[in-house]
Amino acid sequence: MSIRIEIDGVSVPTEVNRVLVDVAADAGVYIPTLCYLRDKPCLRTCRVCSVKVNGVVMASCTVRVSDGMTVEVDEPEIADLRKALVELLFAEGNHNCPSCEKSGRCTLQAVGYEVDMLVSRFPYRFPQRERDHASARIWLERDRCIFCQRCVEFVRDETTGQKIFSISGRGAESRIEVDAERADAMPAEQVRYAVDICPVGAILEKGVGYDVPIGRRKYEVKSVRERTLDAGAREAEPT
């Protein structure tokens, strides 16, 4: 069923019940995301895709569009809220971008640029989280984890369907875990997939470090905004 919604004062045609963040991308409106992946179940963990829907703050990855819906993306208050959420993620971990293997490929870093973050308004916690190198294939840099849960939900044992990654503990004691036995049985493509969908440098493939030269990494070639809108444009093309 065809409907129309309004995004920042512009009428946008779409189909009923589609995910708002995808509709916005298809219409050329960038909304940052860290936990959401198009065509995957919504995780609702990072909230950096927050917008105002009919005057109410909502995570746009959780919203199914309906006719006449009014959406505010660039409104100053909600834009600053998204920026604050990104700043909190930087403050809650240890993100030393110049020395990180994923610099230039890190979605958190790229989104930080998009929201014009220079420094966090919140005090840095500098947590000390133990690295995990028990797996022969996977290196966990826990200091960088933002608990988006992409790896937990989207990386599973291909035979049993059981989870390879999990999160233990609660609150400040939370940490990412990996089942070393299952991780060691992962095919090479699945290891690379786990590394790729991690929005930070928390999941690394052993034996592979700075494998893409600086200046050729994906967000240095094309920004996260451009990549998101390009993907939306391709999705919106008629088949």
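Below is a table of values for the structure above.
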{"read-out": "Cα principal axis extents for the chain, largest first, Å", "value": "53, 43, 38"}
{"read-out": "Magnitude of the charge dipole, segment 127-175, Cβ model with Lys/Arg +1 and Asp/Glu -1, debye to 20", "value": "80"}
{"read-out": "Gain on full stretching of the segment that runs from V212 to R170 - 0.36 nm per residue minus C-alpha separation", "value": "11.6 nm"}
{"read-out": "Full-stretch length increase - S99, C42 - with 0.36 nm per residue and alpha-carbon distance subtracted", "value": "17.4 nm"}
{"read-out": "Cβ-based net charge around V115, under 15 Å, with every Lys or Arg adding one and every Asp or Glu removing one", "value": "-2"}
{"read-out": "Rounded accessible area per residue of the chain, 1.4 Å, Å²", "value": "52"}
{"read-out": "Proximal lysines relative to K40, as straight alpha-carbon distance under 17 Å, when same-chain residues fewer than 8 apart are discounted", "value": "K163"}
{"read-out": "Length released on extending from E181 to T160, taking residue separation times 0.36 nm less the Cα-Cα span", "value": "6.2 nm"}
{"read-out": "Computed [θ] at 222 nm, helices only, for the chain once each DSSP H run of length n ≥ 4 contributes -39500 (n - 2.57)", "value": "-8000 deg cm²/dmol"}
{"read-out": "Between helix 224-236 and the chain: long-axis angle, C-alpha atoms, 0 to 90°, nearest 10", "value": "60"}
{"read-out": "Sites A134 and S223 - FRET efficiency at Förster radius 35 Å, r taken between beta-carbons, to 0.05", "value": "0.45"}
{"read-out": "In Hz, Karplus ³J(HN,Hα) per residue of segment 35-49 (6.51, -1.76, 1.60; θ = phi - 60°; x = Gly, Pro)", "value": "9, 7, 10, 4, 6, 10, x, 6, 9, 6, 9, 9, 6, 6, 8"}
{"read-out": "On Cα atoms only, tilt of 188-197 relative to the major axis of the chain in degrees", "value": "50"}
{"read-out": "Separation of the E189 and E15 label points, Cα + 7 Å toward Cβ, nm", "value": "2.7"}
{"read-out": "Cα pair distances in segment 47-182, grouped into 5 Å bins until the bin that holds the longest one, percent each", "value": "2, 8, 15, 17, 17, 15, 11, 8, 4, 1, 0"}
{"read-out": "Candidate aspartates and glutamates for bridging to K52, where Cα separation is under 14 Å - those fewer than 8 sequence places away on the same chain excluded", "value": "E6, D8, E72, D74, E75, E77, D80"}
{"read-out": "Net charge contributed by nearby residues that have their C-beta within less than 14 Å of I214 (K/R +1, D/E -1)", "value": "+2"}
{"read-out": "Estimated translational D of segment 74-132 in µm²/s (Stokes, Kirkwood radius over Cα pairs; 37 °C; 0.692 mPa s)", "value": "264"}
{"read-out": "Percent carbon-and-sulfur accessible area, segment 84-126, ignoring ligands, DNA and RNA, probe 1.4 Å", "value": "61"}
{"read-out": "Karplus-derived 3J(HN,Hα), 6.51/-1.76/1.60, for each residue of segment 5-19, Hz, glycine and proline x", "value": "10, 10, 10, 6, x, 10, 6, 10, x, 7, 10, 4, 6, 6, 6"}
{"read-out": "Karplus (6.51, -1.76, 1.60) ³J(HN,Hα), θ = phi - 60°, over segment 79-96, in Hz, Gly and Pro reported as x", "value": "5, 6, 4, 4, 4, 5, 5, 5, 4, 4, 5, 5, 6, 7, x, 10, 10, 9"}
{"read-out": "Fraction of accessible area attributable to carbon and sulfur, segment 28-83 (%, probe 1.4 Å)", "value": "47"}
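The values are calculated or read from the model by the stated rules, or taken from the named source; none is laboratory data. Predicted model only: the values in this text are computed from it and were never measured. As a convention, Cβ positions derive from the backbone with ideal geometry for all residues, glycine included, and neighbour counts pool all protein chains shown. These area figures cover heavy atoms from the full protein model, side chains too; ligands, DNA and RNA do not enter into them. Shrake-Rupley method; radii C 1.70, N 1.55, O 1.52, S 1.80 Å.
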